[in-house]
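The values are calculated or read from the model by the stated rules, or taken from the named source; none is laboratory data. As the structure is a prediction and not an experimental result, all values here were calculated from the model. Counting neighbours? That spans all protein chains shown, and the Cβs are built from the backbone with ideal geometry, glycine included. The area values use the complete protein model at the heavy-atom level, side chains included, leaving out ligands, DNA and RNA. Shrake-Rupley method; radii C 1.70, N 1.55, O 1.52, S 1.80 Å.
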Amino acid sequence: RYLAYLAPRVEGLGLSLLVALRPSRPAEQPPPLAAIRAEASVVRPGLLSEAAATELVRNAAGNQVSAEVCAALWQASGGNPFYLTELLRGVESSVAPVENVPEGISRHVAARIHRLDPDALRLAQAIAVLGDGCELRQAAALAGLEFETGARLAAALVQLEVLGADTPPRFLHPIVRDSVEASLAGDERDIAHRAAAR
């Protein structure tokens, strides 16, 4: 509400008002935020290129980091700056990267999905078990959901930038898929894989 009050009053002043937010569905935006967006110039930054990711990795971890490690980190992060930064926290330049999903990313991804709907996390876990490109009806069945519910949640997961597509479902970034799979306890993962095989 404060930003909505301030935004129309900065015109003509020597300053800019910058607001960063995740893309979301219009229905989820409170009216003050919708009012700000209606007046704003919207800039959507692209994902990091491999060269940009390499530069970021070497600035953070040193120039001795090999091109192979930089490429693996870029690929695992999908070019997402947040995921790349989190991956860098747990990687030594001399160690093969991305062996384990950093806890910060796992918590972040699982919490975002759970806030959407607890059933959405079950669906995402089913897709992680079945693999990218699986049939949505099979993922919904594995999650114990009706197909219509699964289709609605898959579309919402695309909006949330967890899935890159919902037909067939595939994760936006490999690190997101690994984070979702890591949210399953060991026995839950075994049960899910047995159920998927059946």
Discussion item. With bins 5 Å wide starting at 0, give me the P(r) of the chain over every alpha carbon pair, in whole percents.
Written reply: 1, 7, 14, 15, 14, 13, 13, 11, 7, 4, 1, 0, 0, 0
Practice prompt. May I ask you to rank ARG112, ARG122, ARG198 by accessible area, largest first, using a 1.4 Å probe over the protein chains only?
Written response: ARG198, ARG122, ARG112
Discussion item. Rounded to the nearest 20 debye, what is the charge dipole size of region 34-184 about its Cα centre when +1 sits on each Lys and Arg Cβ and -1 on each Asp and Glu Cβ?
Written reply: 300
Practice prompt. Could you work out the relative contact order of the chain, using alpha carbon pairs under 8 angstrom and six or more residues apart, expressed as a whole percent?
Written response: 18
Fill in: Residues of region 59-75 with amide N under 19 Å of the 7 Å Cα→Cβ point at GLU103
none
Practice prompt. For LEU47, list long-range residues whose amide hydrogen, built 1.01 Å from N in the peptide plane, is under 5 Å from its own amide hydrogen.
Written response: none
Worksheet item: Rounded to the nearest whole Å², what accessible area per residue is found for region 97-194 with the 1.4 Å probe?
Response: 48
Practice prompt. Take the chain, connect every pair of alpha-carbon atoms lying under 10 Å apart with a spring to form a Gaussian network, then pick out the residue of LEU116, LEU172, LEU142 with the largest mean-square fluctuation.
Written response: LEU116
Worksheet item: Label 7 Å along Cα→Cβ of ARG194; region 106-148 residues with amide nitrogen under 15 Å?
Response: none
Response to the item:
In terms of the alpha carbon gyration tensor, root eigenvalues a ≥ b ≥ c, rounded if a/c is under 1.5 and otherwise prolate when a/b exceeds b/c or oblate, region 36-75 is prolate
Worksheet, complete the sentence: Heavy-atom accessible area of the chain with neighbours in place, 1.4 angstrom probe: carbon+sulfur share in percent works out to 53
Practice prompt. Note down the magnitude of the dipole of region 138-190 about its Cα centre, charges +1 on Lys and Arg C-beta and -1 on Asp and Glu C-beta and zero elsewhere, to the nearest 20 debye.
Written response: 200
